Amino acid sequence: MSIAAQTDSCPRQPIVTGTSVLALKYKDGVMMAADNLASYGSLARFKDIQRLHPVGKYTVIGAGGDMSDFQYIQKFLEQLIIEEFTSQDGHDLGPAQIHEYLSQVMYSRRSKINPLWNSLLVGGFKDGKSFLSYVDLLGTTYSATTLATGFGAYLAQPILRKEVEGRENELTEEEAIRIMESCMKVLYYRDARSLDKYQLAVITADGVKISESRHLSTTWSFAEGIRGYGAQTQ
Amino acid sequence: MTSIGTGYDLSASTYSPDGRIFQVEYATKAVENSGTAIGLKVKDGVVLAVEKLIHSKLSVPEANRRIQTIDRHIGLATAGLLADGRHIANRARDEASSYRDTYDAPSPLKNLAERLGLYTQAYTLYSSVRPFGISTILGAFDKEGPSLYVIEPSGVYFGYNGAAVGKGRQLAKTELEKLKLSELTTKEAVYEAARIIYLVHEDAKEKEFELEISWIGQETDNVHLPVPRELQQDAEAKAKAALETFE
Amino acid sequence: MADMVSIPHSQPQQHQFNPYTENGGTILAIAGADFSVIAGDTRQSEGYSIQTRYAPKVFRLTDKAVLAVNGFAADGNMFVKKVRQRLEWYRHAHAKDMPIRAIARLIQTMLYSRRFFPYYVYNILGGIEEDGTGAVYSFDPVGSYEREACRAAGAAQSLVQPFLDNQIYFKNQTPAPGTSFPGHLSLSTVLSLVIDSFTSATERHIEVGDGLEMYIVLAKNSPSIQSLRDIRGMSELTATEDGERVFVVRRDLKKD
């Protein structure tokens with residue numbers, strides 16, 4: 001099968017992939033987290049990949065799924081932002097507009113049976129309001145005060161809901177960081193496609209900030225004591 | 001005009017016997033009737049300024065801008081037919097965008113000027129088209145630092161330290177030559193630009209005008225932006241004051 | 001064809017991209033003599049995961065028509081967006097809102113136009129006809145439709161519809177000797193039935209819950225307005241002076 005036919009209509013599969021993205025709303029805005037790993041199947045292929053990406057002045061997108069599709073998304077969003085800037089009409093795109101645009105792109109690509117293989121979180125802060133929403137390769141969208149993609153939906157989302165729901169307006173940045181860190185740790189312990197190196201993005205009235213890579217400290221000594229599976233027999 | 005009635009001025013694809021293309025010269029005339037536009041390439045940036053003549057008191061302030069943005073780091077000012085200016089700006093945006101698409105980097109102005117020069121020149125070749133009635137000043141801050149180009153209706157383009165096109169270009173050029181452009185900061189250049197535009201407007205005093213100024217450089221994080229309102233107001237006030245004492 | 005040999009697949013089968021998913025939830029509409037109630041829960045899920053506790057499935061289209069959409073959420077949202085666009089064009093062309101009978105036919109046309117790549121959604125349209133009667137239209141994903149007195153659709157259709165058949169059409173009931181069943185139910189009765197339907201569905205179906213949104217469309221000068229007075233959590237959404245009025249009632253459902 002030719003490359004053209006493959007990308008044109010035939011189904012593809014994700015190749016180099018990122019795992020979960022987490023996000024929550026807190027007192028001052030939105031926080032997002034994703035680790036720095038891009039896997040090639042079960043191989044930890046790239047360990048310094050950034051999966052949180054700023055778009056314009058008020059928005060961050062976080063991506064799981066195919067990383068080349070994500071880079072393509074970054075590229076066309078950059079063009080979109082420049083188009084918007086050069087028109088100099090006094091309007092600029094906020095997180096809600098970027099999410100809607102992305103949703104239309106994702107949905108129209110799934111409708112051509114040529115999806116962009118990603119789960120994306122769109123977080124932002126503009127005009128005093130927080131924004132947090134999801135969109136994926138099917139064009140499915142939803143929003144909530146806490147969101148998690150991939151394995152995070154099973155492992156982190158319950159923790160995030162317990163910690164955040166109903167406290168969105170009181171949570172401080174420090175608490176939010178602590179919650180994120182504990183969730184990323186759970187993911188690192190249980191998700192085999194995750195990494196102990198991750199980044200945090202905060203989007204507040206002050207704009208977008210994406211942290212340097214942070215390291216998770218973990219303990220594995222308990223593994224010695226585990227019996228019943230693995231190499232040990234007794 | 002000697003060309004009229006000879007039949008050599010009816011098409012851009014026809015030379016006159018002495019090797020001129022009158023349609024291109026007429027396009028240049030369209031530029032000469034327009035309000036002045038200037039560009040200053042200075043130490044840490046570029047400043048563009050335009051004397052926008054107001055043809056009706058009923059027009060909305062700040063409408064029909066003649067300084068346009070091409071990419072984050074590129075600005076464009078035109079003198080001549082307003083609509084031609086918009087067309088060339090759109091073409092420039094497409095070029096800049098396609099450069100980004102191909103090279104994943106902002107377009108160097110040198111490259112953009114060449115592409116636009118080629119495009120403009122193509123409109124001097126065919127009987128089916130009319131050359132652009134504009135001169136275009138391009139300003140940018142790219143990987144080479146600040147840069148400034150002018151494209152003429154013929155399609156020729158040159159790089160400059162200071163550029164002036166339109167009605168008051170002669171006086172403006174004289175004033176620009178007096179400046180030590182390479183030693184000015186963009187902020188100082190804004191004041192000079194405002195002063196020069198106010199000065200060259202003296203000759204067409206009966207017409208109202210609006211000053212447009214934009215800058216690119218250290219002050220703006222290398223992004224093409226209109227200068228802040230307070231700065232422009234201050235520069236205009238100083239420009240008016242300077243007129244009193246000039247010569 | 002004797003020489004044709006089937007060659008076994010030497011490569012692992014490429015799994016097909018599935019452009020659909022199912023996002024759970026349930027919708028329901030009941031028509032009265034001069035009103036219509038259209039309701040849906042607000043949970044959106046995929047598999048065993050709750051994606052969000054608040055994703056509306058019921059949408060006010062005009063002051064006389066409300067549309068509930070259930071199935072694949074991305075298709076649903078796109079479909080509602082396109083219907084609204086068509087209604088806006090109609091408004092620009094005719095300076096009035098499209099009658100519900102026409103909206104119903106429009107929806108059938110739009111659904112059928114995608115007969116071979118369907119919108120994977122069940123639609124229920126509720127509102128007021130031009131003659132002032134309450135109406136419910138229900139659709140299958142490719143556009144088959146009919147006008148009914150009531151309809152449930154979605155994840156808990158099989159739980160709710162039999163209940164509605166029994167309580168609204170009085171199926172499997174016999175009137176007491178010398179009495180007969182009422183031709184039309186009152187608004188307060190209908191609202192109680194809707195609330196009971198959703199609390200019950202929430203109990204027995206994992207994809208139903210979190211929140212309930214009930215839209216109520218009243219005909220011009222409907223006396224049913226009286227029974228709305230003391231409804232908790234109600235707000236009015238009427239936008240025109242045409243006479244029909246739209247209200248929404250939001251209630252919590254269990255979140256487990």
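Points to keep in mind about this one:
- According to the calculation over all Cα-Cα pairs in the protein assembly as shown, the P(r) per 20 Å bin from zero is 14, 33, 32, 18, 3, 0 %.
- Rg/Rh, computed from the Cα trace of the stretch B:155-247 with Rh as the Kirkwood radius, has the value 0.96.
- Antiparallel beta bridges, as assigned by DSSP with both residues in the protein assembly as shown, represent about 100 percent of the total such bridges.
- Convex hull volume of the C-alpha atoms in the stretch C:118-159, normalised per residue: 77 Å³.
- Range in chain A, longest, excluding exposed GluC sites (Glu not before Pro) [loop by DSSP; at most 10 other beta-carbon atoms within 10 Å]: A:1-169
- Exposed loop sites here mean trypsin sites (Lys or Arg not before Pro) with a DSSP loop assignment and at most 15 other beta-carbon atoms within 10 Å; chain B contains its longest site-free run at B:58-142.
- Using C-alpha pairs under 8 Å with a sequence gap of at least 6, the mean separation divided by the residue count of chain C gives a relative contact order of 24 percent.
- Dimensionless Rg/Rh of the stretch C:42-135 - Kirkwood Rh, Rg from C-alpha atoms: 1.01
- Mean partner shielding of peptide A:134-146, defined as the number of other chain Cβ atoms within 10 Å of each residue Cβ, is 6.
- Comparing C:M78, C:M98, C:M234 in a Gaussian network model of chain C where C-alpha atoms under 10 Å apart are linked, the largest mean-square fluctuation is found at C:M78.
- Rule-of-thumb Rg ratio for the stretch B:75-167 [Cα; 2.2 N^0.38 Å; N residues]: 1.05
- Out of every Cα-Cα pair that the stretch A:74-201 contains, those further apart than 25 angstrom amount to 36 percent.
- Share of carbon and sulfur in the accessible heavy-atom surface of the protein assembly as shown [1.4 Å probe, %]: 51
- Pairs of Cα atoms farther than 22 Å apart, the stretch B:22-246, %: 47
- Mean shadow area of chain C, taken as a quarter of the surface of its Cα convex hull (nm²): 20.4
- Net charge of the neighbourhood of C:Q44, taken over other residues with C-beta under 14 Å away and scored Lys/Arg +1, Asp/Glu -1, is -4.
- Accessible area per residue for the stretch A:16-216 is 41 Å², calculated with a 1.4 Å probe on protein heavy atoms, without ligands, DNA or RNA.
- Mean projected area of the Cα convex hull of the stretch A:39-123, taken over all directions, amounts to 6.2 nm².
- The B-A contact accounts for approximately 900 Å² of buried accessible area, totalled over both chains at a 1.4 Å probe radius.
- Highest-MSF residue in chain C out of C:P118, C:P223, C:P175 [GNM, Cα springs under 10 Å]: C:P175
- D_trans [Stokes-Einstein, Kirkwood Rh over alpha-carbon pairs] for the stretch B:1-111, 37 °C, 0.692 mPa s, µm² s⁻¹: 195
- Per-residue mean of foreign Cβ neighbours for A:84-91 is 4 (Cβ atoms of other chains, 10 Å radius).
- Largest-first ellipsoid semi-axes for the stretch C:33-94, taking √(5λ) over the Cα gyration tensor eigenvalues, angstrom: 26, 16, 7
- Restricting the stretch C:34-135 to chymotrypsin sites (Phe, Trp or Tyr not before Pro) in coil, as DSSP defines it, with at most 16 other Cβ within 10 Å: C:Y48, C:Y54, C:F116
- Summary: within chain B, the longest segment free of chymotrypsin sites (Phe, Trp or Tyr not before Pro) located in DSSP loops with at most 14 other C-beta atoms within 10 Å is B:127-245.
- Gyration tensor verdict on the stretch B:101-225 (Cα atoms; rounded if a/c is under 1.5, prolate if a/b is larger than b/c, oblate otherwise): oblate
- Principal-axis analysis of the Cα atoms of chain C puts helix C:73-94 at an angle of about 60° to the longest axis.
- Sites listed here are GluC sites (Glu not before Pro) in the stretch B:145-233 whose DSSP assignment is loop and whose Cβ has at most 15 other Cβ atoms within 10 Å: B:E206, B:E208.
- Evaluating 6.51 cos²θ - 1.76 cosθ + 1.60 at θ = phi - 60° for every residue in the stretch A:48-53, the Karplus couplings come out as 9, 9, 8, 9, 9, 9 Hz, glycine and proline recorded as x.
- The stretch C:158-256 - Rg (one decimal) and Dmax (whole number), Cα, Å: 15.9, 47
- Centroid-to-centroid, using Cα positions, the stretch B:166-222 and the stretch C:120-157 are 68 Å apart.
- Here the Gaussian network model covers chain B, with springs between Cα atoms less than 10 Å apart; of B:S154, B:S13, B:S59, B:S59 fluctuates the most.
- Summed residue charge, Cβ within 11 Å of B:E175's Cβ, Lys/Arg positive, Asp/Glu negative: +2
- The spacing between the stretch A:176-222 and the stretch A:55-78, judged by their C-alpha centroids, is 19 Å.
- Size of electric dipole in the protein assembly as shown: Cβ of Lys, Arg +1 and of Asp, Glu -1, about Cα centre, debye, nearest 20: 1140
- Between 0 and 90 degrees, the angle of helix C:187-204 with respect to the longest Cα principal axis of chain C falls at about 30 degrees.
- Relative contact order (%) - criterion: Cα under 8 Å, at least six apart; region: chain B: 28
- Other protein chain C-beta atoms within 10 Å of residue C-beta, averaged over C:228-236: 0.
- Note, ³J(HN,Hα) from phi for the stretch B:172-180, Karplus 6.51, -1.76, 1.60, rounded to Hz, x at Gly and Pro: 4, 5, 4, 5, 4, 5, 6, 7, 8
- Backbone HN-Hα couplings from phi across the stretch B:197-203 [Karplus 6.51/-1.76/1.60, Hz, Gly and Pro as x]: 4, 5, 5, 5, 6, 3, 6
- P(r) of chain A over all Cα-Cα pairs, binned every 10 Å from zero, in whole percent: 8, 31, 34, 18, 7, 2, 0, 0
The values are calculated or read from the model by the stated rules, or taken from the named source; none is laboratory data. Everything numeric here is computed off the predicted structure, so don't read it as measured data. Here the Cβ is made from the backbone with ideal geometry for all residues, glycine too, and neighbour counts use every protein chain on show. Note: accessible area is taken over every heavy atom of the protein model, side chains too, but ligands, DNA and RNA are not part of it. Shrake-Rupley method; radii C 1.70, N 1.55, O 1.52, S 1.80 Å.
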